[in-house]
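Structure first, then comments.
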Amino acid sequence: MAKVILEPIGEAREQSFRDDVWQAQREQMERHNQELQIKRDWVRDGWGKKYRERVRAKGKLTTWDRIDRLKDEDSPVLPIGTLVNYGRTFGPDERTSPGAGVVTAFARVHGRWVVVIANDNTVASGSWWPQTPEKIQRAQEIGLRMRLPVVYLVDCSGLFLPEQSNTFPGRMGAGAIFRMNSLLSAAGVPQIAGVHGDCIAGGGYMPIISDVVYMTEQAYMVIAGAALIKGAKSSQISSLTIGGPDVHVHLSRCADHRVPDDVVLLKRVREEISKLPSPACDYYRYGAEAAQPRFDADEMNGLFPTDHRMGFDVRQLLARLVDNSLFWEVLPHNGLEMICGVGRVNGLYTGFIANNPELTDHPAAGNVKRPGGILYREGIAKISQFSRTCNDDGIPIVWLQDISGFDIGVEAEKQGLLGYGSNLIYTNSSNEVPMITVLLRKCSGAGYYAMAGLPYRPVLQLATPITRLSVMEGRTLAIGAFRTKLDDNFNVIAENEGEAEKIRQGMQDVEQRIEGDMDPVLAAARRDVDEIVKPSELRPYLEAAVSMAYQAAGYRRMKNPRIWAMHDLSVLTR
Amino acid sequence: MFRTVMIANRGEIALRIIRACHGLGVRTVVAHSEADRDAPWLDEADLGVCVGGARADRSYLNADAILQAAEQTDCQAIHPGYGFLAENALFAARCEQQGITFIGPTARSIRLMGDKASAKRTMAEAGLPTIPGSDGALSGVDDAREIARQVGFPVLLKASAGGGGKGMRRCETEALLEEAFQQASLEAEKAFGDASLYLEKLITAGRHIEFQILCDAFGDAVHLGERECSIQRKHQKLVEESPSPIVSAEERRQLGTMAAQAVARVGYRGVGTVEFLRDPAGTFYFMEMNTRLQVEHPVTEMITGIDLVAEQLRVAANVPLTLQQDAIEFAGHAIEFRINAEDPDQGFKPDPGEIISFAAPEVELDDVRVRWDSAIRDGYRIPPHYDSMVGKLIVHGPDREAALRGSVQALNSLGLEGICTTAGFHLRLLAAPAFREGTYDIDFLASGDLVGG
């Protein structure tokens, strides 16, 4: 029977959590969520009210107002790269660069998911800081890989000059933005640009390669501003006179249409998008409805312990990510330390691979239990085969990481986990199906790599406020550094209490240093994760990402379910 | 047409569906509980499959068991009857994913119309008049107060996720609103797991008029007239009739057409009932929609001559509707009396027991027909685990007068020994002037002396 039968998974939280445990977990997570929200609000504020008022005084809309008008009324705005450059200052004036001066977000326009790249005109006139080009390219890359229309809302005075050596020359510097423009165009991905303000140098080049360019009456695009032109002062020419709509819409044709202001521009951009192919999502739902999970999305905030060493039932998590809380667990009897299977998100088939953080039975020695959050041979083989099968079938994969690493020791080496792990790496590296990686809690070392961490090019990598991302846990590192002072069981060996205390202190210092490294905000600031989301936001982001993976028909393999290789896998391993 | 259909229900409706299926040449597999192993309706089924223990949640509500049984017996479709899983959107979704056709609307329609607040919003958008009140769930008691002031007291607080009278509170004045709100929320939370309420202006002396709609899978819909169901005790219907004594032909045409179009507009499929409340001034307000075949469907069948269960099967098999609205005629008058195993003199206490003998009702009047929808036999013991319905007695005559006369005869001829039934109550009802004259309303039973005990 080549049927895809999804079964109910998960229970109401009253049945699976004691009230006091639930309350405590919720409160802890809420604290983290609030801290995250404070940071987001700070970024959203740009350089502050004064700058917003300046923008409005010019008869322009702020960046966020523009995005609000662009998107459908019932569409969320799902940003990525919000915390890029968080905590960094530049130059002797210690300027901040909230969000690296650009907003990159997903939103629906006429029902189609698009990538919006909008310079933040309240931050140094939308100019480009270190990491701004990379942030823009990441958004362009996602558009390219999933064939999503890209909308540029350009309001950009070029490079932030004091930092030009960090943004101009590099392989991923500003020039690479135009290269991505070119690749998008070469691949036939629609690009639409709205020019809202002073667009100089890089800013001037930004819209040109797009398929259609709109300019407002006060917008101009110039290779160099009037300030650099000899005789400009005496002839009273301004950047607007040499690069405004009069020149570019009518004489040079570097732009296509002129509009009076931001409001009309956004209306026009919406109309352009309505001419593009409708989303294919409903076609790929195969008649199913787009349904919410049976349990409230808000429950995600209380579901799992914030202490990464404590286990939890990951099936409860899955139940709150999939439609109707229905799931087909594949290979349930093998590799128990991993859970993999197929569910629907927004009515669309999605593969899930998740660590099981709880103790599981050793496959050979029945009464021995092994800790969870670790990859053993069977788990690696299972998810490796599942990943290949999803790729074969065209089922997008969501990786849910809560992993401290691979198994280590005598048995692990003899079994050749190096080989099995490399097999998995090879698979993920050569997969073409879109993969979305979610760093739930701990994500260490080879485990982070094996489960499609950023180097393996997921289309999106999300973290939660309690993500811990590093090569190894602090304690492990401390044990490694102080191994000569520890016995078989990793207890301190010392001549006296004083020395023991010194060793313990030393180990603690090492641990704490790496703890600091693990803060997900640092990772987000460096673009090692695309966005930190609250647990209750995981489902909305997945809904968007999965819809985006199915929206554009004709560019990737999407087998109809009756001929999935997944059925063979399930039958052969019954 | 499907080769084999599973019937996931029991009692008179299971038998009704079996007979409709056989009329279309469809084989029937009936899922039943352990308590119904020797049930009378199974005699007419092609196959019976036990799906679990006596308690409904182990058998008739056991979606896993029912789906498995349907797979194992090669069923192409499942008919859920009424009650049990008939309006369970998750069950409908699971049937569809397995390739088993759910005989009813899509999961999305069930969900849309099952939520009272969203149904009201949807129907209002389609132009149906709705009772003034909150637009969706109330955000709190202050919200309630503000809206109550706008629409005027007295008001009714109702549970968004509910029905059957639970989580409902009347409120006469603003001073009593806070308490009524707390009580209703609490009851709603307990009964449905959802404390959200919505508010409506309370209409007194209203009449419950519902329209039968039939939609195919291609967006075509017709209405099959109205039924009046104002004889209710604690929000449970006891008697239904069609046509309603108070609805004019023009009102029937207008409201029926509007209801049919509204329902088709949201992608509905199958049979459905749009319920209205008619206030004493004659305004009809949309109340809610039932996305299933109803208990009282026989009265509609008697006056239109249309087999609703057969139509359900056709629609589910993607056959386009052949019925044209202007070809549908409403002939004569039909009344249905629910015969329950209850003692009307003891507050309608259920009286499950053994039916020592029974005699089907008869009528000796020209032009008056009797229909008896029931699945019992001599010696049948009514199980205590389910509802107390014994059968439905439907009488049809050329006009209401004839139907009333026929009803008296039929009820008197109905013989059910061994249990108490509501037949005696119905005879008292037939003698009541308000009922004879057709001037009764929804408060009639509560206010009168007909309900003893």
Worksheet item: Which whole number of Å³ per residue matches the convex hull of the alpha-carbon atoms in the protein assembly as shown?
Response: 225
Worksheet item: Of all the Cα-Cα pairs you can form in segment B:29-73, what percent are over 15 Å apart?
Response: 35
Worksheet, complete the sentence: Taking the alpha-carbon centre of each part, the distance from segment B:75-135 to segment B:207-282 in Å is 16
Practice prompt. Between A:ALA186 and B:LYS234, with labels modelled 7 Å along Cα→Cβ, what's the label distance in nm to one decimal, could you check?
Written response: 7.7
Response to the item:
In nm, the gap between the two label points placed 7 Å beyond Cα toward Cβ at A:LEU418 and B:ALA126 is 6.8
Fill in: Residues A:ARG69 and B:GLN261, FRET efficiency given R0 of 51 Å [Cβ-Cβ distance, rounded to 0.05]
0.90
Response to the item:
The extension gain from A:GLU515 to A:ASP45, computed as 0.36 nm times the residue separation minus the Cα-Cα distance, is 166.3 nm
Practice prompt. Compute the separation of the alpha-carbon centres of segment A:128-205 and segment A:344-397 and state it in Å as a whole number.
Written response: 38
Worksheet item: Given the convex hull over the Cα atoms of chain A, what projected area results after averaging over all orientations, in nm²?
Response: 30.5
Worksheet item: Under a point-charge model restricted to the Cβ atoms of Lys and Arg (+1) and Asp and Glu (-1), what is the dipole moment magnitude of the protein assembly as shown relative to its Cα centre, in debye to the nearest 20?
Response: 3840
Worksheet item: Sorted by average packing, counted as other Cβ atoms within 10 angstrom per residue and highest first, what order do B:316-326, A:336-346, B:111-121 take?
Response: A:336-346, B:111-121, B:316-326
Worksheet entry | Calculated P(r) of chain B - Cα pairs past 37 Å, % | 24
Worksheet item: Taking segment B:254-356, which GluC sites (Glu not before Pro) meet the DSSP loop condition and have no more than 12 other C-beta atoms within 10 Å?
Response: B:GLU329
Item to complete: Please sort A:531-542, B:55-66 by packing, taking for each peptide the average over its residues of neighbouring beta carbons within 10 angstrom, highest first.
Response: A:531-542, B:55-66
Practice prompt. With the cut-off at 13 Å, report for segment A:510-574 the share of all Cα pairs above it, as a whole percent.
Written response: 78
Discussion item. Let me spell out the model: positive unit charges on the Cβ of Lys and Arg, negative unit charges on the Cβ of Asp and Glu, origin at the Cα centre of chain A. What dipole size does that give, in debye rounded to 20?
Written reply: 1860
Fill in: nm² value of the averaged projected area, convex hull over the Cα atoms of segment A:14-143
11.1
Discussion item. Which one, B:PHE358, B:VAL222, B:ILE382, projects farthest toward the positive side of the charge dipole computed for segment B:207-447 from Cβ point charges (K/R +1, D/E -1)?
Written reply: B:ILE382
Item to complete: Check the straight Cα-Cα distances from A:LYS442 and name the lysines below 19 Å, setting aside those fewer than 8 residues away within the same chain.
Response: A:LYS534
Worksheet item: Which percent of Cα pairs goes in each bin when the distances of segment B:207-447 are cut into 5 angstrom slices starting at zero?
Response: 1, 6, 14, 17, 18, 16, 13, 8, 5, 1, 0
Discussion item. Using a 10 Å cut-off around each Cβ of peptide A:326-332, what is the average number of partner chain Cβ atoms that fall inside?
Written reply: 1
Discussion item. What are the ³J(HN,Hα) couplings of segment A:403-418, residue after residue, when phi is run through the Karplus curve with 6.51, -1.76, 1.60 and θ = phi - 60°? Round to Hz, x for glycine and proline.
Written reply: 9, 9, x, 7, 4, 10, x, 4, 4, 4, 5, 4, 5, x, 4, 4
Discussion item. I need to check one value: relative contact order of segment B:132-201, counting alpha carbon pairs closer than 8 Å and at least 6 residues apart, in percent.
Written reply: 43
Worksheet, complete the sentence: Averaged over residues of B:87-94, the number of beta carbons from other chains lying within 10 Å of each residue's Cβ is 3
Discussion item. Compute, for segment B:207-447, the length of the dipole vector about the Cα centre, with Cβ point charges of +1 (Lys, Arg) and -1 (Asp, Glu) only. Units Debye, rounded to 20.
Written reply: 440
Worksheet, complete the sentence: Looking only at lysines whose Cα falls under 29 Å of A:LYS50's and that sit 8 or more positions away or on another chain, we get A:LYS39, A:LYS58, A:LYS60, A:LYS71, A:LYS135, A:LYS267
Worksheet entry | Mean separation of Cα contacts under 8 Å, 6 or more apart, over the residue count of chain B: relative contact order % | 14
Worksheet entry | Quarter of the Cα convex hull surface for segment B:4-103, i.e. its orientation-mean projected area (nm²) | 5.3
Worksheet entry | Additional length obtainable on full extension of the chain from B:THR73 to B:SER139, 0.36 nm per residue less Cα span | 18.9 nm
Worksheet entry | Neighbourhood charge, 9 Å Cβ-Cβ cut-off, centred on A:GLY302 and excluding it, Lys, Arg +1 and Asp, Glu -1 | -2
Worksheet item: Other chains' Cβ within 10 Å of A:279-289 residues: what's the mean?
Response: 2
Discussion item. Just want the answer: with Cβ charges of +1 for Lys and Arg and -1 for Asp and Glu, which residue in A:GLY59, A:ALA446, A:GLY480 is farthest toward the dipole's positive end in chain A?
Written reply: A:GLY59
Discussion item. Taking loop as defined by DSSP and a crowding limit of 11 other beta carbons within 10 Å, which GluC sites (Glu not before Pro) in segment A:461-515 fit?
Written reply: A:GLU495
Response to the item:
Once phi for every residue in segment A:440-452 is put through the Karplus expression 6.51 cos²θ - 1.76 cosθ + 1.60 (θ = phi - 60°), the whole-Hz ³J(HN,Hα) values, with Gly and Pro written as x, are 6, 10, 8, 9, 10, x, 4, x, 4, 6, 4, 9, 6
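Please tell me the relative contact order of segment B:207-447 in percent, rounded to the nearest whole number, where contacts are Cα pairs under 8 Å and at least six residues apart.
21
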Item to complete: Take the alpha carbon atoms of segment A:440-457, find their center, do the same for segment B:307-336, and report the distance between the two centers in whole angstrom.
Response: 60
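So for each of A:384-390, A:556-562, B:389-395 I average, over its residues, the number of other beta carbons within 10 Å; can you give me the resulting order with the highest mean first? Don't jump to the answer; show the numbers that get you there.
Working: A:384-390: 23.3, A:556-562: 14.1, B:389-395: 24.9.
For the peptides A:384-390, A:556-562, B:389-395, the packing ranking is B:389-395, A:384-390, A:556-562.
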Practice prompt. At a Cα cut-off below 27 Å, give the lysines reachable from B:LYS349, other chains included and same-chain residues fewer than 8 away excluded.
Written response: B:LYS158, B:LYS166, B:LYS190, B:LYS234, B:LYS237, B:LYS392
Fill in: Farthest toward positive dipole pole in the protein assembly as shown [+1 Lys/Arg, -1 Asp/Glu at C-beta], among A:ASN560, B:ILE147, B:VAL26
A:ASN560
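Each reported figure results from applying straightforward, stated rules to the coordinates on display, with no laboratory input. Quantities reported herein were computed from a predicted structural model and do not represent experimental measurements. So basically every Cβ, Gly included, is an ideal-geometry build from the backbone, and we count neighbours across all protein chains shown.
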